[in-house]
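Here, each number is a calculation from the coordinates, and none is a lab measurement. What you see is a predicted model; the values in this text were computed from it and never measured. Heads up, the Cβs are rebuilt from the backbone with ideal geometry, glycines too, and the neighbour counts pull from every protein chain shown.
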Amino acid sequence: MEQRLPEEPPSPRLVDRVRVFDRQGLAEVFDGSFDELYLYIHALVADHDTAERVAEDTFGRILDRLPDYAGDPAALEGWVLHHGSEAVRRVPRSALAGKGIREAVARLGRFDHEAVTLRLVAGLEASGVARASGRRTSVVLGSLVTGLRTLRAGATMLNPLSLPTQQRQLDAALDRLLAGDTPVAAAAWAPLVTDAAGLLAAASGLVDLPREPAPPAVRARVRGRFLAGAEERRAGWFHRTYTPAEVPGRKPRKEPSRVSNATAMALAMVLALVAGVVLAVAAAFSGPDSAVYGLKRASESALLGLSTNRVSKADLEIKLAAERTKEGESMAAAGHADLTVQVVDAHFDDLRAAAADLAGIPLTHRDRVWKSIRDRLEADASKPVTDLERILTAAGYKAQAAELKAAYDRFQSDHKEFDKQLGVGAPAPVPSAAPGLPQPLATPTK
């Protein structure tokens, strides 16, 4: 599969037209993006009926988000594929059971799924994926490496602490794979990446996924429903923005008082503040099965983003990993097997991130605080998950228990690697004697 190149740039005024739900502009967006979107969706679901539902869901959400679109006209197609990726992830896993690599891809996390599928199935470049999803290119490359490592389950030579140079080399190798090279030949472009051939072999499974274009009847149905929905939204937009013409000799309607407007705005701000505080408190005590759990994770990500000291950040990541452990225990006890697996995966990811932050500290700056945090990391990383496996197995969730064990085995493989970088198990250096003083004897004399 080769990477796609745009045949001709869209109209510069296209974005302005689609924001007001112009029919011709929306038809141009549909005709320019539907074929690639449907091929992408069909490659991941392997079923025309499911692909039609996912495509219709994608264009419905595009109508909801078009007024807020702030990108370039040339990036519209990638933006549509980004929403297609979100729609594919909403397909129930049971619909993909027994479909090989498609089932494995469906188990990836949101950002890993988006980076892997848009890069390898849709053929977007990493920078294009970043523009479509609103993330940085370096973050997309990190998600891409993580996703491929997950698909390449069982490999013991992988290093989770990949450097930016290794990520760029792997991305260049993926370009060669998309251009038609074999995984072994493409691996020559990534000499610094451990097990590059294995990662590229996993990637080739996605690149070579069979896909079929949409039947004419399917294309016509989705297009008709998309444009019909656009007409409804255009009517609502017109009524919201319509301003009657001024008639000479007729007094204009009296505008509301500024005081009343300020009072209403202040009241709205107070209500919003109270609602935000209540929601934040509810999120802090929520679990993975709660509707506000996403707010809790978002606040944790914000705290990590504000931390500039790598040692303090590692300390926070270890605390968050401990919180994930408690959540995993509660989810297992409640019988939420899939949520248990997801929470444990997040627990291991937090520990990997903490190890990466600690490993980035130079040897000369590794003081007692650094060592105490490293010891806490080692204590948490050494804890088994046999209790959770036993609970899930006893409740009849043997498949999820097996996933839990596989995730633990992968993490322990990574654990050995970052132990070397953190100096775990290395003998403590013996201080040398000062010049002119006798050296200590190897064995004491009587």
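Phi-derived couplings, Karplus 6.51 cos²θ - 1.76 cosθ + 1.60 at θ = phi - 60°, listed residue by residue for region 292-301: 9, 5, x, 5, 4, 5, 5, 5, 5, 5 Hz, with x used for Gly and Pro. With both labels modelled 7 Å from their Cα along Cα-to-Cβ, the Arg390 to Ala220 distance reads 6.3 nm. Counting neighbouring beta carbons within 10 Å and listing from fewest to most, the residues Met269, Met331 come out as Met269, Met331. Give me the distance between the Cα centres of region 93-147 and region 157-216, rounded to whole Å. Between the Cα centres of region 93-147 and region 157-216 lies a distance of 13 Å. Toward the positive end of the charge dipole of region 292-422, with +1 on the Cβ of Lys and Arg and -1 on the Cβ of Asp and Glu, the farthest Cα among Ala337, Ala395, Ala356 is that of Ala356. Mean projection of the Cα convex hull over all viewing directions, computed for region 292-422: 7.8 nm².
Compared with the direct C-alpha span, the chain from Glu232 to Ser138 gains 29.8 nm at full extension, assuming 0.36 nm per residue. A simple rule links phi to the HN-Hα coupling: the Karplus curve 6.51 cos²θ - 1.76 cosθ + 1.60 with θ = phi - 60°, which for region 91-98 gives 5, x, 5, 4, 6, 10, 5, x Hz, with x for Gly and Pro. Each label was represented as a point 7 Å from its Cα along the Cα-to-Cβ direction; for Lys420 and Val274 these points are 6.0 nm apart. Taking label points 7 Å from Cα along the Cα-to-Cβ direction, Ala179 and Asp208 give a separation of 2.0 nm. Give the calculated FRET efficiency between Lys405 and Ala262 to the nearest 0.05, with a Förster radius of 60 Å applied to their Cβ-Cβ distance. Taking R0 as 60 Å, the efficiency between Lys405 and Ala262 is 0.45. The phi-based Karplus calculation (6.51 cos²θ - 1.76 cosθ + 1.60; θ = phi - 60°) puts the 3J(HN,Hα) values of region 54-66 at 5, 5, 5, 4, 4, 5, x, 6, 5, 4, 5, 9, 4 Hz, whole numbers, x for Gly and Pro.
On full extension, the segment bounded by Ala298 and Ala188 gains 35.7 nm, given 0.36 nm per residue less the C-alpha separation.
Residue separation of Ala97 and Arg65 scaled by 0.36 nm, minus their Cα-Cα distance, works out to 8.4 nm of gained length.
Using only alpha-carbon positions in region 14-207, the gyration tensor eigenvalues give semi-axes of 30, 19, 13 Å once each is multiplied by 5 and square-rooted (largest first). Cross-link check: pairs Lys383/Lys420; Lys371/Lys416; Lys313/Lys383; Lys99/Lys313 evaluated at a Cα-Cα cut-off of 29 Å; pairs beyond the cut-off: Lys99/Lys313.
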